[in-house]
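Below is one structure, written out as structure tokens; comments come after it.
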């Protein structure tokens, strides 16, 4: 809807998408910092956390925040799937073409092709997310599963669950059986901890890559700003958004 100070702007993200992104961003960064502080120790993070026990408590509860962020993400994706717009989050053949043309455009061998198509008549996007980012949604889902299964085992060792311990014991049993199936000779708790740390390194890579694909693309400022401010963008300022007048 175009009105007042928002005249000329189009809605890129709904409030549930913005909330999900904020919760995801903050929780991942804090989980990385607290996790490495807990695992490696060292003085370079001492100024951030008064004690290791405090960092562990913070780490635990921001894991819950990340879980909430993923529940909201799944809700957002399912909404689009039921509306017949699964391609908004899942990679399509058109995305593969856009990836190729975007890479070639960086070296002057192709024109920059908009990856975001907005239907003005319907007042909604037909495609929205950067094609280079879409695969990471599914990849992260795998690492989320790994880090939560292994994290529950580590959390249970600290005895935090009280009346819910029986649920965690079931998760522990599932995790133990999976690890022992693939590494029958190893100490499963040692493997569990190693998998948790390795999965954390994936999230370090993901944060760096996510920042890079936005910062490396000079056309992406409005794309990034919309996620953090109002959820709206000015299509006249972007090279990645194409406005369609009709179907």
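Arranged from highest to lowest average of other beta-carbon atoms within 10 Å per residue, in what order do the peptides 93-101, 55-63 appear?
Descending packing order for the listed peptides: 55-63, 93-101.
For the chain, the mean residue ellipticity at 222 nm estimated from helices alone is -21000 deg cm²/dmol, where every DSSP H run of n ≥ 4 contributes -39500 (n - 2.57) and the total is divided by all residues, rounded to the nearest 500.
Listed highest first by mean packing, meaning other Cβ atoms within 10 Å per residue, what order do 79-86, 108-115, 21-28 come in?
21-28, 108-115, 79-86
The C-alpha atoms of the chain define a longest principal axis, and helix 93-106 lies at about 80 degrees to it. DSSP beta bridges fully contained in the chain are about 55 percent antiparallel.
Rounded to the nearest 10 degrees, the inclination of helix 52-82 to the longest alpha-carbon principal axis of the chain is 40 degrees. Against the chain, whose longest principal axis comes from its Cα atoms, helix 134-157 is set at around 20 degrees.
Equivalent-ellipsoid semi-axes for the chain (Cα gyration tensor, √(5λ), whole Å, largest first): 39, 19, 19.
Readers should treat all values here as calculations from the given coordinates under stated rules, not as data from a laboratory. Bear in mind that the values here come from a model prediction, so they are computed numbers and not experimental data. Cβ coordinates were reconstructed from backbone atoms using ideal geometry, including for glycine residues, and neighbour counts include every protein chain displayed.
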